[in-house]
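A short worksheet on the structure shown next.
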Amino acid sequence: MRVRPRLARLVAAQPERIAEGVWLIRGGLTRAMNVYLLEDGDGVVLFDAGEEDMAPAIAVAAARMGGIKRIVLGHGDFDHRGVAPALSAAPVHCHPDAVEEAEGSGGRSYMDFHRLAPWIRPLYSFLPDLWDGGPVKVSGTVSEGDRVAGFEVIELAGHAPGLIGLWRASDGVALVSDCFYMTSPLGRRVSPRPPHEAFNMDTERARESIRKLARLEPQSCWPGHRGPLAGDDLRAELERAASAPTT
């Protein structure tokens with residue numbers, strides 16, 4: 001796709017290096033949407049695909065790093081597949097259980113916006129369509145134990161079917177998509193907690209996935225929105241997050 005660098009800077013921040021071979025692009029109006037570029041030989045793997053208007057920034061950054069070799073979706077929700085259709089030259093992979101949503105409703109089949117506060121619901125009558133680039137064609141799948149650009153795939157389902165994270169034991173870096181939230185439905189920063197029930201397939205299973213992540217004893221966790229979560233007591237903080245209210 002042809003993009004203007006000046007436009008790219010308006011819709012997303014410049015890439016920031018967050019770990020060896022890992023770059024983060026923050027996008028969205030409040031810069032609460034995260035997309036990760038993983039160095040992989042002569043190009044990059046895109047982990048999660050953010051919201052649709054981040055496409056110019058991602059395309060510019062990826063081109064400077066050799067181009068996108070493949071897109072790996074953390075799950076198939078509308079705000080995590082957003083730019084994938086615009087980057088159609090790159091093959092899209094996800095967990096087998098995420099294929100239906102990635103190629104279909106983008107998570108709308110199990111979300112229940114009526115669980116949101118009444119004054120927030122009107123926003124979600126149009127925000128999903130604003131963020132969503134539409135269905136994508138999945139060309140391959142990844143499952144727990146597979147390798148992606150030096151990371152190991154871990155299954156963290158609950159919030160969404162087939163939600164995965166990427167784990168690198170050598171330095172304790174975990175890229176965890178929506179395993180937990182650090183943002184409210186309005187995009188404000190909040191303490192770590194399970195995703196809001198309005199957006200979940202199975203909230204109790206989502207809590208158990210946070211506990212599974214805690215047992216890995218990561219050094220830093222980089223979620224799909226805001227973050228990171230890091231520190232000496234990270235395991236304890238994740239265990240607290242697993243039991244926190246979702247609101």
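Select from the range 180-199 the residues that are polar (S, T, N, Q) and either surrounded by 18 or more Cβ atoms within 10 Å (Cβ to Cβ) or modelled with pLDDT of 95 or more (or both) and write down the one among them that is farthest from A230 (Cα to Cα). Please lay out each step first, then the result.
The initial filter retains those residues of the range 180-199 that are polar (S, T, N, Q), namely 183-184, 191.
Subsequent filtering for residues that are either surrounded by 18 or more Cβ atoms within 10 Å (Cβ to Cβ) or modelled with pLDDT of 95 or more (or both) retains 183, 191.
Numbers: T183: 16, S191: 12 Å.
Within the range 180-199, the match that is farthest from A230 (Cα to Cα) is T183.
Restricting attention to the range 208-247, report how many residues are among the hydrophobic types (A, V, I, L, M, F, W, C) and farther than 15 Å from M182 by Cβ.
Of the residues in the range 208-247, 3 are among the hydrophobic types (A, V, I, L, M, F, W, C) and farther than 15 Å from M182 by Cβ.
Looking only at the range 170-179, filter to residues that are on the phi < 0 side of the Ramachandran plot, in contact with a Gly (Cβ under 9 Å, 6 or more places away or on another chain) and in contact (Cβ under 8 Å) with a residue 60 or more places away in the chain; which one of those is surrounded by the fewest Cβ atoms within 10 Å (Cβ to Cβ)? So that I can check it myself, show each step before the final result.
So the first thing to find is which residues in the range 170-179 are on the phi < 0 side of the Ramachandran plot, and the list is 170-171, 173-176, 178-179.
Those left that are additionally in contact with a Gly (Cβ under 9 Å, 6 or more places away or on another chain): 170, 174-176, 178-179.
Narrowing the set further to residues that are in contact (Cβ under 8 Å) with a residue 60 or more places away in the chain leaves 175-176, 178.
Details: L175: 31, V176: 26, D178: 28.
Top of the filtered list is V176.
Just wondering, is there one or more residues in the range 58-78 that are touching a Gly at 6+ places or on another chain (Cβ under 6 Å), modelled with pLDDT under 95 and of a type outside the set (K, R)?
no
Give me the pairs, please: first residue somewhere in the range 112-126 and under 11 Å from E197 (Cα atoms), second residue anywhere and of a type in the set (G, A, S), beta-carbon distance under 7 Å, and either six or more positions apart or on two chains.
D112/A198; F113/A198; R115/A198; L116/A198
Out of the residues in the range 19-56 that are among the aromatic types (F, W, Y) and within 10 Å of the chain's Cα centre (by Cα), which is surrounded by the fewest Cβ atoms within 10 Å (Cβ to Cβ)? Outline the logic, then answer.
Step one: list which residues in the range 19-56 are among the aromatic types (F, W, Y), which gives 23, 36, 47.
If we keep only those that are within 10 Å of the chain's Cα centre (by Cα) too, we end up with 36, 47.
Working: Y36: 26, F47: 28.
If we take residues in the range 19-56 being among the aromatic types (F, W, Y) and within 10 Å of the chain's Cα centre (by Cα), then Y36 is surrounded by the fewest Cβ atoms within 10 Å (Cβ to Cβ).
Looking at R211, R207, which is the one that is surrounded by fewer than 16 Cβ atoms within 10 Å (Cβ to Cβ) and within 16 Å of E155 (Cβ to Cβ)?
Working: R207 fails: surrounded by fewer than 16 Cβ atoms within 10 Å (Cβ to Cβ).
Every option except R211 fails the conditions.
Name the residue that is surrounded by the most Cβ atoms within 10 Å (Cβ to Cβ), counting only residues in the range 75-117 that are under 28 Å from T247 (Cβ atoms), small (G, A, S) and touching a helix residue (DSSP H, G or I) at 6+ places or on another chain (Cβ under 6 Å).
Restricting to residues being under 28 Å from T247 (Cβ atoms), small (G, A, S) and touching a helix residue (DSSP H, G or I) at 6+ places or on another chain (Cβ under 6 Å), the top hit is G76.
Need the failing condition index for L163 against (1) more than 18 Å from the chain's Cα centre (by Cα); (2) within 30 Å of G104 (Cβ to Cβ), just the number.
Unmet for L163, out of (1) more than 18 Å from the chain's Cα centre (by Cα); (2) within 30 Å of G104 (Cβ to Cβ): (1).
If I go through the range 119-158 residue by residue, how many of them are surrounded by 15 or more Cβ atoms within 10 Å (Cβ to Cβ), among the charged types (D, E, K, R) and either in a helix (DSSP H, G or I) or modelled with pLDDT under 95 (or both)?
Count: 0.
Give me the pairs: first residue in the range 55-82 and in a loop (DSSP other than H, G, I, E, B), second residue among the basic types (K, R), beta-carbon distance under 6 Å, and six or more apart or on different chains, which are they?
As it stands, the answer is L73/R81, since those pairs meet every condition given.
Consider A214 carefully, then state whether it is of a type in the set (G, A, S), over 21 Å from G50 (Cβ atoms), at pLDDT 95 or above and not in a loop (DSSP other than H, G, I, E, B). Talk me through it step by step, then tell me what you get.
Numbers: of a type in the set (G, A, S): yes; over 21 Å from G50 (Cβ atoms): yes; at pLDDT 95 or above: yes; not in a loop (DSSP other than H, G, I, E, B): yes.
Considered against the rule, which asks whether it is of a type in the set (G, A, S), over 21 Å from G50 (Cβ atoms), at pLDDT 95 or above and not in a loop (DSSP other than H, G, I, E, B), A214 comes out as yes.
Does the range 160-170 include one or more residues that are in a loop (DSSP other than H, G, I, E, B), in contact with a helix residue (DSSP H, G or I) (Cβ under 6 Å, 6 or more places away or on another chain) and closer than 12 Å to W222 by Cβ? If you could, list the steps in order and put the result at the bottom.
Our first condition is that a residue be in a loop (DSSP other than H, G, I, E, B); within the range 160-170, this holds for 160-163, 169-170.
Going one step further and asking which of them are in contact with a helix residue (DSSP H, G or I) (Cβ under 6 Å, 6 or more places away or on another chain), we end up with 161-162.
Add one more test, that the residue is closer than 12 Å to W222 by Cβ, and what stays is none.
So far as the range 160-170 goes, no, none of its residues is in a loop (DSSP other than H, G, I, E, B), in contact with a helix residue (DSSP H, G or I) (Cβ under 6 Å, 6 or more places away or on another chain) and closer than 12 Å to W222 by Cβ.
Run down R31, R6 and say which single residue is at pLDDT below 95, assigned to a helix (DSSP H, G or I) and either out of contact with any strand residue (DSSP E or B) (no Cβ under 9 Å at 6 or more places or on another chain) or within 30 Å of R188 (Cβ to Cβ) (or both).
Matching residue, one of R31, R6: R6.
The values are calculated or read from the model by the stated rules, or taken from the named source; none is laboratory data. A quick note: this is a predicted structure, and the numbers were derived from the prediction, not measured. No Cβ is skipped: glycine too gets one built from the backbone with ideal geometry, and neighbour counts run over all protein chains shown.
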